[in-house]
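Below is one structure; the comments refer to it alone.
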Amino acid sequence: MQVVKTVTEMRKLRRQLNEPVGFVPTMGYFHEGHLSLVRQARKENSTVVVSIFVNPTQFGPGEDFQDYPRDLERDLELLEREKVDIVFVPSEEEMYPSGFSSWIDVEGVTERLEGASRLEHFRGVITVCAKLFNIIQPTRAYFGQKDAQQAVVIKKMVADLSMNLEITVVSTIRESDGLAMSSRNTYLNPEERQAAIVLFRALSLARELWQGGEKDADKIRHEMTSLIQKEPLARIDYVSIADANTLEELKAINRPALASLAVRIGKTRLIDNVLLKGGK
Ligand code: AMP
């Protein structure tokens, strides 16, 4: 496994890689969610490249950029075990040299849900992904369903800008009690960790209601909200039942839908979602 720190070195190496090249962009501090993306990339490609970069431009003022958990040594050991070929770990200066002033925006889908709560978050995500795609030139890139809106937005950018790669979305990996794995779960104290189950319980309720034939999105949002409000440590940021492709809020669930939410448990903001579509 080669650890590469500069764009120049990465480009030089890129010319010699066996095709197809699978790429997994991450901010590190790995859990099984990250590793499932890496495993799928390993299965489907001759070469696997993983990037680890805590991207400052996707954190808003007052968010957790400084405190975001980091453990490069452990991350590299885990990637070595997954037989990853190349790990790209650029510095902040390498990605954003002084004078950097170019940004990519995707209109519409970025304005809702996470975009409404976290101004400029997606501009940072989209721009860093575009840069990473340009540097690594992957055949396929792998994203988690856990960050459903991110996956929708990246797919839109790739389609709109005719980028030459395929985006694969991988199912959410959960703890045994249903909590979606996240690097941010480490912020939770034991009491908060217990309370955090409420996100998955609310999403499971949404799925049960929908499977039982409920099509009224308002009714489902209302049931989810009431359930979360019973948890004293939880504060709702949003509860959404939206079109799975455009992320526009739905009145009636008459097409593939995404039930998603953002909830603060103490100081930690958690997100999760389930798809309401297909064979139920
Ligand atoms: P992050 O390091 O948090 O930026 O995540 C890197 C990638 O891993 C993103 O595409 C995430 O959607 C994905 N990911 C994070 N948590 C999970 C999870 N629990 N299950 C599946 N994928 C995940």
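Only the coordinates and a few stated rules stand behind these numbers; no lab work does. Keep in mind it's a predicted model, so treat the numbers as computed, not measured. Here the Cβ positions follow ideal geometry from the backbone for every residue, glycine too, while neighbour counts run over all protein chains shown.
Things worth noting here:
- The calculated 222 nm mean residue ellipticity attributable to helices in the chain amounts to -11000 deg cm²/dmol, summing -39500 (n - 2.57) over DSSP H runs of n ≥ 4 and dividing by all residues.
- Of the chymotrypsin sites (Phe, Trp or Tyr not before Pro) in the stretch 1-103, the ones in a loop by DSSP (not H, G, I, E or B) with at most 12 other beta carbons within 10 Å are Phe100, Trp103.
- The stretch 197-280: GluC sites (Glu not before Pro) in DSSP loop, at most 13 other beta carbons within 10 Å: Glu248
- For the stretch 17-134: span of alpha carbons on each principal axis (Å, largest first): 37, 31, 30
- Above-threshold pairs, the threshold being 25 Å between Cα atoms, out of Lys155/Lys267; Lys215/Lys267; Lys5/Lys83; Lys156/Lys277; Lys12/Lys131: Lys155/Lys267; Lys215/Lys267
- Placing one equal scatterer on every Cα of the chain and applying the Debye formula, the log10 ratio I(q)/I(0) at q = 0.08, 0.10, 0.17 Å⁻¹ is -0.34, -0.54, -1.48.
- Under the combined filter of DSSP loop state and at most 15 neighbouring Cβ atoms within 10 Å, the stretch 1-82 retains these trypsin sites (Lys or Arg not before Pro): Lys5, Arg15, Arg70.
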